[in-house]
Amino acid sequence: MFSEECQLADLLNQFNTTADTGQNRLVYSEQWVHNQQTLILLGQNHGAQAMVDDYGNVSLDFPGQEETLPIATGSHMDTVRQGGRYDGLYGVLGGFCAIQKMYQQGDLPKKPLRLISFSEEEGSRFPAAFTGSKYYTGQQQQVAALVDETGITFEQARSNAVKQLQAMNVRRQRAPLPASFTELHIEQGPRLAQAHQPIGLVTGIVAQNRYKVTVHGQANHAGTTPMAQRQDAIATASRLMASLYDLADKSSNSLTFTIGEIRVSPNVSNVIAESCTFTIDCREESDERLATFLSAMNTVIKQFDNVTVEQTLHVPATLLSQALRQRNAKIATQMKFPFQELFSGAGHDSQIMNTVVPTTMIFVPSKTGISHAPAEHTKMSDLLIGVALLTASLSAQANEA
């Protein structure tokens, strides 16, 4: 089935652009469609049966000796704006290489294998995250009418992109759920690199809430409106943001709080702003601690007039499969791969998959902890160690009695 050794570096170069500004593979964009199409052809050329569902999730099923639920691996195809080369894509292509290595070893595994490339995880084009894995797992979503910055709705973008994928020689359906899911991923943080550990075994994933906050003011002339008579949305928003950062600084050490996007209208140098909209991303290892912070955050916001808040994401804290993690720890020990168990501060599709099937994650180090940026980097030797552990883990799951 596989005639050559999988070359992970070549695959990463093939799927990534070389733009200095980073990767911009936003969901349903032209580059996203091209990469999902390339993955489908890659899988089909190596004996996989391809399925594409109505959200553009790609599933590549590889045969086993038994007709049972497949053992699955994979990650997401999309990126943030100006993102890195490895976030998401490493789990897809590393998963492909792991499956390839298994079939190179000889006999078919007892259970079939599946590679999943989720359509979207990041929430970068539309104000909703994990739409791919949520659809994959049958969760209800209200996303069709969401609009990107150019005015294109989620439904328009989805329909156009998926139509191109489903025009290929694929089964047009949502894949049945697998028996288990293992996601290979870069850490996106500094802990493994600082500890000089090549492997992280993830115990759980943080709770995460996102919001869109809009401060309403009154547009007026910048030169003729007295300062005391202004309804300046930027002035109010800046005070509100400072108050929120001050609150976050006084909260628990495990809380992260980010204002990542700011939009001003009319955004003209000599006009007082009539509105200022900004996003909030807050995460905690504990649902209870996050709830405590959110309550305090809402109290701060209510102290400011003419402010509206819209929640765009809520994902509870997730404890991943202890049994799968313990098995991976045993395998890593046998392979003499030092490892560290850790909680993930980033959200992942594994949070969603964990609600329906046993799920685990394998991390490899991120150099200096940088991610979601063009400087994101992991040594090829570390990437290959992750693939080796994933290969052994999938083999153990697929061949158990």
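The values are calculated or read from the model by the stated rules, or taken from the named source; none is laboratory data. Note that this is a predicted model, so its numbers are computed, not measured. Cβ coordinates were reconstructed from backbone atoms using ideal geometry, including for glycine residues, and neighbour counts include every protein chain displayed.
Structural remarks
- Residue match in the stretch 47-55 (condition: part of a helix (DSSP H, G or I) and either β-branched (Val, Ile, Thr) or within 23 Å of the chain's Cα centre (by Cα) (or both)): no
- Where strands (runs of 3 or more DSSP E) sit wholly within the stretch 300-383, those with at least 1 residues that are of a type in the set (A, V, I, L, M), within 17 Å of residue 180 (Cβ to Cβ) and touching a residue at least 40 places away in the same chain (Cβ under 8 Å) occupy 359-364.
- Test result for residue 194, at pLDDT 95 or above, in a helix (DSSP H, G or I) and more than 24 Å from residue 295 (Cα to Cα): yes
- Answer residue from the stretch 231-287, given it is assigned to a strand (DSSP E or B) and of a type in the set (Lys, Arg) and is farthest from residue 347 (Cα to Cα) among those: 263
- Scanning the stretch 260-285 for residues that are of a type outside the set (Asp, Glu), surrounded by 17 or more Cβ atoms within 10 Å (Cβ to Cβ) and farther than 14 Å from residue 215 by Cα yields 282, 283.
- Among residues of the stretch 117-167, those that are in a loop (DSSP other than H, G, I, E, B) and surrounded by 15 or more Cβ atoms within 10 Å (Cβ to Cβ), counted: 17
- Search result, residues across the stretch 94-116 that are surrounded by fewer than 24 Cβ atoms within 10 Å (Cβ to Cβ), in contact with an Asp or Glu (Cβ under 8 Å, 6 or more places away or on another chain) and not in a helix (DSSP H, G or I): 110, 111, 112
- Residue in the stretch 11-46 that is farthest from residue 98 (Cα to Cα), counting only those that are among the β-branched types (Val, Ile, Thr) and outside any helix (DSSP H, G or I): 21
- Residue under evaluation residue 185, criteria (1) touching a residue at least 24 places away in the same chain (Cβ under 8 Å); (2) farther than 26 Å from residue 386 by Cα, criterion not met: (2)
- Per the conditions (1) touching a residue at least 24 places away in the same chain (Cβ under 8 Å); (2) within 30 Å of residue 233 (Cα to Cα), the sole criterion not satisfied by residue 291 is (1).
- Enumeration of residues in the stretch 137-152 that are among the hydroxyl-bearing types (Ser, Thr, Tyr) and more than 21 Å from the chain's Cα centre (by Cα): 150
- Taken together, the residues in the stretch 248-289 that are hydrophobic (A, V, I, L, M, F, W, C), farther than 24 Å from residue 123 by Cα and in contact with a helix residue (DSSP H, G or I) (Cβ under 7 Å, 6 or more places away or on another chain) amount to 1.
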